[in-house]
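Report on the structure given below.
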Amino acid sequence: MCLAIPMRITQIDGLVATAEIDGIARRVRIDLLDKASVGDYVLIHAGLAIAIVDEQEAAETLALLRGVFYETQ
Amino acid sequence: MTELIEEVFIAGYAQSDFSRDDSAVLRLDGADIAFTTDSFVVDPIFFPGGDIGRLAIAGTVNDLLTAAARPIAIAVSFIIEEGLEIETLRSIAASMRDTADEAGVRVVTGDTKVVPRGSADKVFITTSGVGVILRPGVSGASAKPGDRIMLTGSIGDHGTAVMLAREKLLDTQAIASDAAPLTEIVLGLMESGCQVHAMRDPTRGGIASSLNEIAAQSRAAIEIDEARIRVKPAVNAACEALGIEPFFVANEGKMLILVAAEDAEKALSIARSSRYGGDADIIGEVRPAPPGRVTVRTAIGTSRVLGSPSGELLPRIC
Amino acid sequence: MRLSDEFRDPALVRELAERIGRFSGMSATIMEVCGTHTMSVARFGLKSLLPPGVSLISGPGCPVCVTDQRDIDAYLAIGALPGVTLACFGDMIRVPGSATSLERLRAEGADVRVVYSPIDAVDTARGDPGRQVVFFGVGFETTIPAIALAVKVAAEGKVSNFLVYCAHKTIPAALRALLATDELRVSGLLLPGHVTTIIGSGAYSFLADQLGVTCAVAGFEPVDILLAVEAILARIEQGTAAIDNAYPRAVRAEPNPRAAELIDEVFVTSDALWRGLGSIPGSGVALAAKYAVHDASLRFADTLAAVPPPKQTTCKCGDVLRGITRPSQCPHFGTTCTPTDPIGPCMVSSEGACAAAYKYEGV
């Protein structure tokens, strides 16, 4: 029930954004996002951005797994 | 579809020599001829990377090539919906000429019918092709355990390009059909003496269908390595976004070539030095058992079974 | 950072498989609630990485699978009417109703369109005011906001020929009903990561606090799923129950407030009919009165009243959804029920437990 892929926002026009990944793009609605900026990674499902992907969290998860000490700024 | 073919058509009119391969081999007065037919009903008729005309010629040529035949001549039959613009037909015909020239074949005869508006979707093309068998016995039933499987390039390009051109689900400039005649690669392999046992152009149903067919016909098992199978980033992204498996997507300019292990490197270098084979790689091999089973070594190092897709590829959301 | 590739890194997968290996003495049954998890597990061969005593079973998170026969028959009846365009997700096209399917209806000339987003269906309606465009509202909380938005956009644009046949379902109520029966014995639940971006992980607290079942909210890449499984096994070993968030890059404890607002405006909570589970109170949504003009069940009430009750079949999808029967244990699996000739939705849906088992594990 959950097919959603991370795509990067390249343009915002009110409640509509363009999201892109690897050369494919789609107009998506960002009504569910508290605040979105160009460059954010968002999960896209059925033409709607359902969440922003927190890149810092992602990096921390990966770093922990890789056993690398992660220094926060 | 398989049931329709088996239970209605093959049961209805086939005799014992009916070929389940893409081409039939006929013995005519001492010469072995490959004979094939195909219909093209693609929608839309023009799409990034090609059109129905190029598809018709390349598709027929490739079917003949899979029987290890040198394609010689093609007959083309048109069913045209009344009202279709002449310019459209001119464009298609020109594309067919270019593709035929590239493939070294001639369109030698044809037929044209016009049907009332609504009775056909713009234009349908049916082709028949003949070629001269260069090496007998190359067929889906001839794969041997130990054979290496070469794939001549990336997968998923055609089916994804056509789906997006038709449904406009995503925007992209980066996905185009790979429709192309593969004469150079196959004739090169034949000339080189590589022991090719089976060849397939993985069209509808993708490499999953073709590999399952070969495994069943040859009563052998096939193992492929996902990490060696190239999927262009945009095609991969589109398939992930729509929930489609690239292994199931149609290709129109690729060949699966099953070759004896000792000739694999030679076959690869022939493919890689050809116009459409730059991304060729050895993606797997044939094993003795279990017969009919196709397994994939996944990109994360586990194994899973690859079945055939059933029916139309549909984007899923859930 | 590529964000999906990183979470498929074979080195990290090996690392996690080794870590999970230390639970090798344990016997545990984990239910993956979400159909997309079933597919990911199958596609990446993840079961082979689990210790022998740990098994994964599929639950009711396949929107196609849990859509009741009555809803499918109703939607098909609407589609047979003149002047109706059916717009739906691709998943629904091949699901068999009592007499026919969307695929067959389309082959017979009905106007059936596959869409990626329900908002595209609103555009279709706007562009063709002479036809009634009826969207099949299936899916869980991940999808419900998209339909809510589509209805809102249609209402604002006065696109009164856009309608929704609402068969949406919600997860927490279904899980409560599922675990309340004694039939199901699970040691832990793998919770749907994207549903949870909408409802927040706090929505599942009752599972741990009241029912003593430990859970982990999981993303969909191999690393995500293995992290969640590891978290569940660790809790089982400790003898504790909690809702662990194994998808922190996308999931929070709190619900998405804008999604909640949107859903509250367009929908009201209702009872819902789940294939195989029966009617579960408060587990569905229906269109709010304010949006009645977009409600297909009202517009086509007469047609729907005339739809005969569904045929009885010996389909075991219900038991598979409840996790009581595995696909291979169903007498139809692989013989009378295959992807090309499915009896029930579990085989039709690319996420259905049976389709996944058939495609990926072989018959």
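FYI, it's all coordinate maths here, none of it is from the lab. A quick note: this is a predicted structure, and the numbers were derived from the prediction, not measured. Ideal geometry is used to build each Cβ from the backbone, glycine not excepted, and the neighbour counts take in all protein chains shown.
Data table
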{"item": "FRET efficiency for B:Glu81 and C:Leu184, using Cβ-Cβ distance with R0 set to 51 Å, rounded to 0.05", "result": "0.35"}
{"item": "Contact order normalised by residue count of chain B, Cα under 8 Å, 6+ apart, percent", "result": "22 percent"}
{"item": "Listed residue pairs exceeding 27 Å between alpha carbons, taken from C:Lys290/C:Lys311; A:Lys35/B:Lys232; C:Lys169/C:Lys311; C:Lys158/C:Lys311", "result": "C:Lys290/C:Lys311; A:Lys35/B:Lys232; C:Lys158/C:Lys311"}
{"item": "On Cα atoms only, tilt of A:55-66 relative to the major axis of chain A in degrees", "result": "40 degrees"}
{"item": "Region B:15-133 - share of DSSP beta bridges that are antiparallel (%, nearest 5)", "result": "75 percent"}
{"item": "Share of Cα-Cα pairs in region B:15-133 lying beyond 17 Å, as whole percent", "result": "56 percent"}
{"item": "Distance from region B:119-140 to region B:266-318 (C-alpha centre basis), Å", "result": "24 Å"}
{"item": "Relative counts (whole %) of C-alpha pair distances in region C:101-241, using bins that are 5 Å wide", "result": "2, 9, 14, 15, 14, 11, 9, 10, 8, 5, 2, 1, 0"}
{"item": "Point-charge dipole on Cβ atoms (K/R +1, D/E -1) for chain B, about Cα centre, debye to 20", "result": "460 debye"}
{"item": "Shape of region C:317-361, Cα gyration tensor, a/c cut at 1.5", "result": "rounded"}
{"item": "Signed unit charges on C-beta, dipole axis of the protein assembly as shown, positive-most listed residue A:Thr18, C:Gln69, C:Ile171", "result": "C:Gln69"}
{"item": "Sorted by Cβ density within 10 Å, fewest first, the residues B:Lys144, C:Lys316, B:Lys254", "result": "B:Lys144, C:Lys316, B:Lys254"}
{"item": "Fewest-first ranking of B:Ser23, C:Ser101, C:Ser283, using other Cβ atoms within 10 Å as the exposure measure", "result": "C:Ser101, C:Ser283, B:Ser23"}
{"item": "B:Leu4/B:Arg117 FRET efficiency (R0 25 Å; Cβ-Cβ; nearest 0.05)", "result": "0.35"}
{"item": "C-alpha center-to-center spacing [region C:23-89, region C:161-223] in angstrom", "result": "13 Å"}
{"item": "Scattering curve values for region B:148-305, log₁₀ I(q)/I(0), Debye with Cα scatterers, q = 0.13, 0.19, 0.20 Å⁻¹", "result": "-0.58, -1.19, -1.29"}
{"item": "Calculated FRET value between C:Glu254 and B:Asp29, using beta carbons and R₀ = 60 Å, to 0.05", "result": "0.15"}
{"item": "For chain C: span of alpha carbons on each principal axis (Å, largest first)", "result": "64, 47, 41"}
{"item": "Evaluated over chain A, the Cα radius of gyration and Dmax, each in Å", "result": "13.8, 42"}
{"item": "Stokes-Einstein translational diffusion, chain B - Kirkwood Rh over all Cα pairs, 0.692 mPa s, 37 °C, in µm²/s", "result": "164 µm²/s"}
{"item": "Given charges at beta-carbon only (K, R positive; D, E negative), |dipole| of the protein assembly as shown in Debye", "result": "760 debye"}
{"item": "Span-rule helices in chain C, defined as complete DSSP H runs reaching 20 Å or more along the axis (Cα) with Kyte mean at least -0.5", "result": "C:222-238"}
{"item": "Mean Cα-pair separation over length for region A:5-66, i.e. relative contact order, pairs under 8 Å, 6 or more apart, %", "result": "29 percent"}
{"item": "Over region C:1-111: Kirkwood hydrodynamic radius from C-alpha pairwise inverse distances, Å", "result": "17.4 Å"}
{"item": "Per residue Cα convex hull volume in Å³ - calculated over the protein assembly as shown", "result": "173 Å³"}
{"item": "Average projection area in nm² (convex hull over Cα atoms of region B:88-186, one quarter of hull surface)", "result": "10.3 nm²"}
{"item": "Percent breakdown of C-alpha pair distances by 5 Å bin, ordered from the shortest bin, for region B:236-318", "result": "3, 10, 16, 19, 21, 17, 9, 3, 1, 0"}
{"item": "Sorted by Cβ neighbour density within 10 Å, fewest at the top, the residues C:Phe140, B:Phe46, B:Phe18", "result": "B:Phe18, B:Phe46, C:Phe140"}
{"item": "Cα centre as origin, Lys/Arg/Asp/Glu Cβ charges: chain C dipole, Debye", "result": "340 debye"}
{"item": "Sequence-separation-based contact order of chain C, relative, with Cα cut under 8 Å and 6+ spacing, percent", "result": "22 percent"}
{"item": "Rounded to 5, the percent of DSSP beta bridges in the protein assembly as shown classed as antiparallel", "result": "60 percent"}
{"item": "Rounded if a/c under 1.5, otherwise prolate or oblate - region C:260-327, Cα gyration tensor axes", "result": "oblate"}
{"item": "DSSP beta bridge pairing in region A:5-66, given as percent antiparallel to the nearest 5", "result": "95 percent"}
{"item": "From the C-alpha gyration tensor of region C:165-282, square roots of 5λ in Å", "result": "24, 19, 12"}
